[in-house]
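> Dropping a structure here in structure tokens format, bear with me for questions.
The values are calculated or read from the model by the stated rules, or taken from the named source; none is laboratory data. Note that the structure is a prediction, hence the values are computed from the model and not measured. Because the Cβ atoms are built from the backbone with ideal geometry, glycine has one as well, and the counts that use them run over all protein chains shown. All accessible areas refer to the heavy atoms of the entire protein, side chains included, with ligands and DNA or RNA removed. Shrake-Rupley method; radii C 1.70, N 1.55, O 1.52, S 1.80 Å.
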Amino acid sequence: MSALESACTIIKRLRDHGHIALLAGGCVRDRLLGRTPADYDVATDAPPPRICRIFRRTKQVGAQFGVVLVRIGGDELEVATFRTDGSYRDGRRPESVEFTTPQEDARRRDFTINGMFLDPLTDEVVDYVGGQQDLANRVVRCIGTPEARFAEDHLRMLRAVRFAARLGFAIEAETHAAIQRLAPRISAISAERIRMELELILTAATRADGWRLLRETELVNHLVAGVTWDEANGERCGRILAALPERVSDALAFAAIFVELDEPGVERACAALRCSTAVSRAASYLVRMGRSVQRGEVRELADVKFLLVSGHADEALALGRALASVDGCGSADVEALAQRAAGIAPEDYAPPPFVTGEDLIALKVAPGPRYREILDALYRAQLNDELTTRAAAEARMKQMVADGG
């Protein structure tokens with residue numbers, strides 16, 4: 001059973017029990033655009049306790065907001081009771097809700113293109129907010145007064161950018177102007193929520209359009225504590241984003257917009273967005289290596305192997321290509337490195353070292369800076385194919401110890 005079939009099963013059963021039930025929100029928008037929805041949400045006049053009585057397998061994840069998860073077959077769908085929202089004192093969520101009619105439920109939603117309902121059994125669209133017309137005109141428009149919608153939930157400003165970029169729509173003029181006026185308020189939203197929206201914007205194939213809209217709406221310099229972009233840097237980052245491959249990781253997307261920062265700066269920026277340690281380290285590494293790749297600084301065989309074993313070689317090459325393209329310096333060095341890397345067998349990326357710390361200890365070298373320097377030098381020589389046997393490595397090790405390191 002598909003997710004749509006599961007949604008239809010839920011809708012039929014709710015109707016059999018005397019309730020209104022319709023598809024709601026983004027899945028309606030996507031179906032009308034000819035896209036396959038990521039998921040299906042059902043809206044109904046049945047209150048949560050009633051939903052839980054009608055369906056055997058349920059989970060009340062947001063009963064105070066009228067939201068129940070219903071499991072049908074292998075699918076778990078969100079079933080929400082039509083509602084109106086109380087006051088939004090924290091700029092994110094309503095303090096209370098009241099269950100109401102489909103018309104009122106539609107009017108409390110964010111954008112007209114997300115405020116429609118659909119009867120999947122007849123394909124009849126239920127549109128109280130002009131969403132069909134805005135879909136036809138390819139615009140993202142707030143339902144009601146934009147200032148009111150954004151004052152309720154500041155994150156809606158970022159969502160407007162995300163929808164416009166991903167759908168290739170324009171942001172309607174009054175909605176756009178309201179975002180510009182209220183842009184500083186986005187900093188009141190938790191860093192985690194901002195990061196999640198940024199990831200969705202910057203990892204999409206439309207990331208360059210998303211970045212342009214972030215700059216045009218003046219949101220961009222209120223997103224990351226301690227980080228701002230002037231006109232020139234903002235423009236350059238947009239061009240870098242556009243030059244990246246269609247699919248990118250979170251780390252590569254953040255490396256592209258933080259490329260003007262040094263490595264500690266990248267890690268601080270990622271920390272401000274509450275990125276995971278893995279993403280922060282990867283973004284910082286990619287900024288450093290992307291520059292090195294662009295400049296043709298990865299020359300020694302050992303450095304090529306270190307890049308390959310990092311797990312980020314393809315991304316560093318992609319960023320290096322993007323930087324070379326944007327800066328107009330040509331990508332010959334990048335392509336030469338890519339070709340050289342392709343010729344190295346995976347088993348040669350990080351072979352076991354010929355000599356280890358135990359060998360140094362046997363020569364009475366105590367662990368410390370000198371100990372580490374000798375081991376690192378020997379392993380680099382091994383990776384550079386200067387030392388091809390254990391005997392050769394042992395001989396050089398003994399000479400280094402005798403020479404004082």
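> Return the residues of the range 282-291 that are of a type outside the set (A, V, I, L, M, F, W, C) and either crowded, with 17+ Cβ neighbours inside 10 Å or under 8 Å from Leu319 (Cβ atoms) (or both); say none if nothing qualifies. Before you say what the answer is, go through the steps one by one.
Restricting attention to the range 282-291, the residues satisfying the condition of being of a type outside the set (A, V, I, L, M, F, W, C) are 284-285, 288, 290-291.
Ser284, Tyr285, Gly290, listed by residue number.
> Another question, then. Here is a list: Arg299, Arg236, Arg268, Arg247. Which entry is touching an Asp or Glu at 6+ places or on another chain (Cβ under 9 Å) and surrounded by fewer than 20 Cβ atoms within 10 Å (Cβ to Cβ)? So that I can check it myself, show each step before the final result.
Numbers: Arg299 fails: touching an Asp or Glu at 6+ places or on another chain (Cβ under 9 Å); Arg268 fails: touching an Asp or Glu at 6+ places or on another chain (Cβ under 9 Å); Arg247 fails: touching an Asp or Glu at 6+ places or on another chain (Cβ under 9 Å).
So the residue among Arg299, Arg236, Arg268, Arg247 that is touching an Asp or Glu at 6+ places or on another chain (Cβ under 9 Å) and surrounded by fewer than 20 Cβ atoms within 10 Å (Cβ to Cβ) is Arg236.
> Please name all residue pairs, on different chains or six or more residues apart, with Cβ atoms under 7 Å, provided the first residue is in the range 156-170 and is in contact (Cβ under 8 Å) with a residue 24 or more places away in the chain and farther than 14 Å from Leu33 by Cα and the second residue is among the charged types (D, E, K, R) and part of a helix (DSSP H, G or I).
Close Cβ pairs satisfying both conditions: Arg156/Arg149; Leu158/Glu197; Arg159/Glu197; Arg162/Glu197; Ala165/Asp209.
> Name the residue that is surrounded by the most Cβ atoms within 10 Å (Cβ to Cβ), counting only residues in the range 302-328 that are closer than 25 Å to Gly238 by Cβ and charged (D, E, K, R).
Only one residue fits best here, namely Glu315.
> Then there is this: May I ask you to verify whether Phe117 is within 30 Å of Lys12 (Cβ to Cβ) and either at pLDDT below 95 or not basic (Lys, Arg) (or both)? Explain how you work it out, then say what you get.
Working: within 30 Å of Lys12 (Cβ to Cβ): yes; either at pLDDT below 95 or not basic (Lys, Arg) (or both): yes.
When the stated conditions are applied, Phe117 passes them.
> Within the range 30-68, can you find the residues that are touching a helix residue (DSSP H, G or I) at 6+ places or on another chain (Cβ under 9 Å), of a type in the set (A, V, I, L, M, F, W, C) and in a strand (DSSP E or B)?
Val42, Ala43, Val67, Val68
> Search the range 16-44 for residues that are free of Cβ contacts under 8 Å to residues at least 24 places away in the same chain and pair each with any residue that is surrounded by fewer than 23 Cβ atoms within 10 Å (Cβ to Cβ) and among the hydroxyl-bearing types (Ser, Thr, Tyr) when their beta-carbon atoms are under 9 Å apart and the residues are at least 6 apart or on different chains.
What qualifies is Asp30/Thr36.
> Kindly establish whether Val355 is among the β-branched types (Val, Ile, Thr), over 43 Å from the mean Cα position of the chain (by Cα), surrounded by 17 or more Cβ atoms within 10 Å (Cβ to Cβ) and more than 30 Å from Asn233 (Cα to Cα). Can you show your working first?
On the way: among the β-branched types (Val, Ile, Thr): yes; over 43 Å from the mean Cα position of the chain (by Cα): no; surrounded by 17 or more Cβ atoms within 10 Å (Cβ to Cβ): yes; more than 30 Å from Asn233 (Cα to Cα): yes.
Here the answer is no, as Val355 does not meet what is asked.
> Is it true that Arg71 is of a type in the set (Lys, Arg), part of a strand (DSSP E or B) and modelled with pLDDT of 90 or more?
Details: of a type in the set (Lys, Arg): yes; part of a strand (DSSP E or B): yes; modelled with pLDDT of 90 or more: yes.
Answer is yes for this residue.
> If the Cβ limit is 8 Å and pairs must be 6+ apart or interchain, which residue in the range 274-296 that is part of a loop (DSSP other than H, G, I, E, B) pairs with which residue that is surrounded by fewer than 24 Cβ atoms within 10 Å (Cβ to Cβ) and among the hydrophobic types (A, V, I, L, M, F, W, C)?
Going by the 8 Å Cβ cut-off, the qualifying pairs are Arg274/Ala191; Gly296/Ala336.
> Collect the residues in the range 381-401 that are open to solvent by 80 Å² or more (accessible area, probe 1.4 Å) and in a helix (DSSP H, G or I), keeping them in residue-number order.
Taking the range 381-401 and keeping what is open to solvent by 80 Å² or more (accessible area, probe 1.4 Å), we get 385-386, 388, 390, 396, 398-399.
Within the range 381-401, Arg390, Arg396, Lys398, Gln399 qualify.
> If you don't mind, another one. Looking only at the range 184-228, filter to residues that are basic (Lys, Arg) and over 16 Å from the mean Cα position of the chain (by Cα); which one of those is surrounded by the most Cβ atoms within 10 Å (Cβ to Cβ)? It would help to see each step written out before you state the result.
Within the range 184-228, the first condition is being basic (Lys, Arg), and the residues that meet it are 185, 193, 195, 207, 212, 215.
If we keep only those that are over 16 Å from the mean Cα position of the chain (by Cα) as well, we get 185, 212, 215.
Numbers: Arg185: 17, Arg212: 19, Arg215: 17.
Here the answer is Arg212.
> Right, another one. When only residues in the range 335-368 that are among the β-branched types (Val, Ile, Thr) and outside any helix (DSSP H, G or I) count, which is farthest from Arg321 (Cα to Cα)?
Filtering the range 335-368 for residues among the β-branched types (Val, Ile, Thr) gives 344, 355-356, 361, 365.
Keeping just the survivors that are outside any helix (DSSP H, G or I) gives 344, 355-356, 365.
Working: Ile344: 20, Val355: 37, Thr356: 37, Val365: 44 Å.
In this case the residue turns out to be Val365.
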